[in-house]
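The values are calculated or read from the model by the stated rules, or taken from the named source; none is laboratory data. In this text, all values refer to a predicted model and were calculated from it rather than measured experimentally. Cβ: placed from backbone, ideal geometry, glycine included. Neighbour counts: every protein chain shown. These area figures cover heavy atoms from the full protein model, side chains too; ligands, DNA and RNA do not enter into them. Shrake-Rupley method; radii C 1.70, N 1.55, O 1.52, S 1.80 Å.
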Amino acid sequence: MKWGSLINSTGSYVSKYYEITNASSKYLTTILANMINIHHQQIEFLYSLSYDYKNWTNWKSINFSDNNLLDGFNLDGLIFRYKIVLHAKKDNEKPYIQSFSVTFDPCESLENLGDFIVKPKLWIKKKNGKGSIELTNIMTNQTLVVDNLIDNEEIFIDCQKEDIVSDRQHLGVYRYDDHNDEFLALVIGSNLLKGKGDFDMDVRHQYVFLQE
């Protein structure tokens with residue numbers, strides 16, 4: 001942190017560059033800070049974006065309550081940096097930042113344009129070794145979990161029929177006991193799906209409309 005003159009002084013910090021490229025269509029952002037500012041001095045939190053380390057957007061203010069900080073930006077190849085600017089009228093009134101963090105959770109946005117809640121069909125392929133996968137609909141707080149998947153194993157989940165089929169089923173592999181008995185539903189309007197674990201996924205669903 002560098003400070004200017006001791007009267008009406010300003011201190012600023014610019015972070016290193018963070019490559020936050022992702023194949024997902026959206027990030028949910030969580031922004032946290034711990035500060036000591038007993039004299040109620042001005043503190044600015046700003047961010048800037050680039051795709052090539054050379055051309056950067058203008059610094060823009062960070063809204064701590066904004067979970068959609070990067071909406072409208074292509075996440076493929078995106079680079080992020082932030083800046084903190086502290087102001088103090090007197091040297092003994094300086095504010096202090098104890099910690100600051102921005103968390104980016106990749107997710108996919110699905111629209112249910114129908115008149116009813118629907119349950120989708122999911123095709124999931126485990127990647128990068130064996131393990132578990134989790135899929136959460138943030139709008140409903142539902143989390144679907146499947147454990148003990150094998151590397152490159154593909155499973156089909158019909159959330160409407162509550163059916164799970166593995167491509168290893170002909171080898172005697174069944175995943176009902178490895179599933180947490182949660183089948184996702186898509187509410188009317190926007191749905192945000194957040195994944196945990198390495199996997200590829202296709203989602204299909206049909207809108208259901210009220211007959212006039």
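Quick notes
- Highlighted here are the strands (runs of 3 or more DSSP E) found entirely within region 23-139 that include at least 1 residues which are of a type in the set (Gly, Ala, Ser): 26-36, 43-50, 79-88, 96-112, 131-137.
- A single entry from ILE138, ILE133, ILE150, ILE188 fulfils the requirement of being surrounded by 14 or more Cβ atoms within 10 Å (Cβ to Cβ), out of contact with any helix residue (DSSP H, G or I) (no Cβ under 6 Å at 6 or more places or on another chain), among the aliphatic types (A, V, I, L, M) and farther than 25 Å from LEU28 by Cβ: ILE150.
- Close contacts from region 153-166, counting a first residue that is open to solvent by 50 Å² or more (accessible area, probe 1.4 Å) and a second that is among the acidic types (Asp, Glu), with Cβ to Cβ under 6 Å and a gap of 6+ residues or different chains, come to GLU154/ASP167.
- Residue that is closer than 30 Å to ASN191 by Cβ and free of Cβ contacts under 8 Å to residues at least 60 places away in the same chain, where the choices are ILE31, ILE62, ILE20, ILE43: ILE62
- Within region 81-93, considering residues that are open to solvent by less than 50 Å² (accessible area, probe 1.4 Å) and of a type outside the set (A, V, I, L, M, F, W, C), the one farthest from TRP56 (Cα to Cα): GLU93
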